[in-house]
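K.L.:
First, the structure itself, so that you have it in front of you.
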Amino acid sequence: MTAALDVIGLCKSFGGVRAIDNVTLSFPSGSLSAVIGPNGAGKSTFFNLISGAFTPDAGEVRVEGRNIAGLSRAEIVRRGIGRAFQVASIFPTFTVADSLYAAVQSGQGHAERLVGRFPLSGARARAHEVAEMLGLADKLHRVASTLSHGDQKLLDIAIALVREPRILLLDEPTAGMGPEERWRMIEKVRELWERQKITVVFIEHDMDIVFRIAPTIRVLCYGRVLAEGTPDEIRANPAVIEAYLGTAHEGAAA
Ligand SMILES: Nc1ncnc2c1ncn2[C@@H]1O[C@H](COP(=O)(O)OP(=O)(O)OP(=O)(O)O)[C@@H](O)[C@H]1O
Ligand SMILES: [Mg+2]
């Protein structure tokens, strides 16, 4: 399988803190994987470096073989990276529909807006398709700030999805949700991964979800890759148990 996303020797420090310290990881095309690790491990920073929110101090981020490190955020979106945030990043005063139309349009340059892939009717069609997929179709006319927390997280994902990313990064899609809502959200994530056939990487703290959903797991700790493998390999990995999972999950590995 060719890799959709290759990260090679990636480094980012904040003052004396090595938030990402020589990270090399490869995400196969069409794969679904989780990034886990303790608070402050560098997970969000890792996504911020891939999506261009931060510029790496060193290293490369290759999308389908081409380095995108240092490009503008807009250019990185055009190269096929979509991203949703740990705290939903939405336009609070826009309706769901207007948020999605604006997202389609903002991904394009002026010339593309005039003759683009998504003229207004195309933008509408794409927005409606994505809203349908994420269960927001009956809320298109709701103002974003009046949505439930879970629906705001779904809208954030929808905003990323309308631009048709080939690689989708989801930073804690279930953050702040109760147990039932969490499962509904992660099932939606799995469903869109299956239907869209894109590469999905999600950060998640709930280990029941991670072990049940993600075929491949990467563990970050102090900015480094501590381990990568299948759920069974990660559950049984002594370094991961020591650094993150603790003894409760040691039992679960048996
Ligand atoms: N913009 C920033 N400025 C300064 N330090 C930062 C910045 N962003 C992250 N850091 C630091 O980098 C380290 C990694 O933070 P990061 O947010 O990536 O962790 P995380 O694994 O996402 O944690 P959490 O599970 O709590 O979300 C932390 O020490 C954090 O304080
Ligand atoms: Mg984080």
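K.L.:
Within the group 160, 248, which residue is in contact with a strand residue (DSSP E or B) (Cβ under 8 Å, 6 or more places away or on another chain), assigned to a helix (DSSP H, G or I) and modelled with pLDDT under 95?
P.N.:
160
K.L.:
I've got another one for you. For residues that are part of a helix (DSSP H, G or I), closer than 17 Å to residue 101 by Cβ and of a type outside the set (Gly, Ala, Ser), tally how many sit in segment 134-153.
P.N.:
1
K.L.:
Look through 199, 230 and report the one residue that is within 16 Å of residue 83 (Cα to Cα) and of a type in the set (Ser, Thr, Tyr).
P.N.:
On inspection, the qualifying residue turns out to be 199.
K.L.:
Pairs, please: C-beta under 6 Å, at least 6 apart or cross-chain, first residue on the phi < 0 side of the Ramachandran plot and in segment 211-224, second outside any strand (DSSP E or B) and aliphatic (A, V, I, L, M)?
P.N.:
Cβ pairs passing all conditions: 213/186; 217/234; 219/240; 220/41; 221/41; 221/243.
K.L.:
Ok, one more. Starting from residues that are of a type outside the set (D, E, K, R) and under 19 Å from residue 38 (Cβ atoms), keep the ones in segment 174-207 and report whichever is farthest from ligand 2 (Cβ to nearest atom).
P.N.:
207
K.L.:
Starting from residues that are buried (at least 18 other Cβ atoms within 10 Å of the Cβ) and without any contact (Cβ under 8 Å) to a residue 40 or more places away in the chain, keep the ones in segment 168-183 and report whichever is nearest to the chain's Cα centre (by Cα).
P.N.:
Checked segment 168-183; the qualifying residue nearest to the chain's Cα centre (by Cα) is 174.
K.L.:
When you check residue 202 against the structure, is it buried (at least 19 other Cβ atoms within 10 Å of the Cβ), within 16 Å of ligand 1 (Cβ to nearest atom), aromatic (Phe, Trp, Tyr) and closer than 22 Å to residue 42 by Cβ, yes or no?
P.N.:
Yes.
K.L.:
Going through segment 1-42 one residue at a time, which ones are closer than 17 Å to residue 219 by Cβ and touching a Gly at 6+ places or on another chain (Cβ under 8 Å)?
P.N.:
The answer is 7, 10, 18, 19, 20, 21, 22, 23, 24, 41, 42.
The values are calculated or read from the model by the stated rules, or taken from the named source; none is laboratory data. From a predicted model like this one, the values you see are computed outputs, not experimental measurements. Counting neighbours? That spans all protein chains shown, and the Cβs are built from the backbone with ideal geometry, glycine included.
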